[in-house]
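Please read the structure below before turning to the comments.
Bear in mind that the values in this text are calculations on the coordinates, not laboratory data. Being a predicted model, the structure only gives us computed values, none of them experimental.
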């Protein structure tokens with residue numbers, strides 16, 4: 001199996017964990033959307049042993065997630081589900097929390113809409129949606145580096161790009177979620193947290 005490695009995951013995992021320890025203190029089940037390499041799942045699973053962490057991603061990323069799980073063998077992290085946010089049937093849930101890192105700026109906007117709608121369906125009342133990544137505020141980049149990053153994303157694929165906080169907050173609101181936290185993260189990223197209901 002191909003074990004992929006993300007340097008960004010290694011850099012951002014501790015600041016994210018510091019917030020998740022508090023936000024997910026009373027949660028028992030988490031669905032991770034876009035588990036990617038599998039690094040976050042293994043790290044957060046080990047450091048949040050009270051949680052059952054359900055990984056998910058497109059099939060092409062499952063081999064790496066499984067390789068990380070096979071090496072670390074965390075008892076509370078489950079093998080990845082096949083999940084295309086806009087196409088596949090979502091797991092029934094309900095989950096206490098949904099977590100996703102660095103997905104909103106990679107997905108097409110229609111997929112971002114589908115992810116928030118799906119999270120609204122599978123989250124318990126009082127459940128938490130935690131989204132990590134770069135965001136614009138009032139239509140403006142928060143740093144020159146984010147502006148450059150947005151240009152590089154659009155050069156790769158026109159549907160990619162840094163999303164406006166106000167737009168994703170409206171998507172959350174449409175699912176009955178209220179902003180519970182907007183946490184500054186290293187490298188001009190944010191960890192946005194909404195509570196359902």
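Taking only C-alpha pairs under 8 Å that are 6+ residues apart, what is the relative contact order of the chain in percent?
Across the chain, relative contact order equals 19 percent.
Which of 47, 12, 136 moves the most in a Gaussian network model of the chain with Cα springs under 10 Å?
47
Mind checking which of 148, 160, 128 has the largest fluctuation in a GNM of the chain, springs on alpha carbons under 10 Å?
Greatest mean-square fluctuation among the candidates belongs to 148.
For the stretch 102-197, max minus min Cα coordinate along each principal axis, in Å, sorted largest first?
Largest to smallest, the principal-axis extents are 39, 25, 19 Å.
How compact is the stretch 7-196 by the rule of thumb for globular proteins, expressed as Cα Rg over 2.2 N^0.38 Å?
Here the answer is 0.96, to two decimals.
Ignoring everything except DSSP H segments at least 4 long, calculate the 222 nm mean residue ellipticity for the chain; use -39,500 (n - 2.57) per segment, divide by total residues, nearest 500.
It lands at -11500 deg cm²/dmol.
Quick one: of the DSSP bridges fully inside the chain, what percent are antiparallel, nearest 5?
45
Just to be sure I understand: with springs between alpha-carbon atoms less than 10 Å apart, which residue in 180, 27, 155 has the highest mean-square fluctuation in the Gaussian network model of the chain?
Of 180, 27, 155, the Gaussian network model singles out 155 as fluctuating most.
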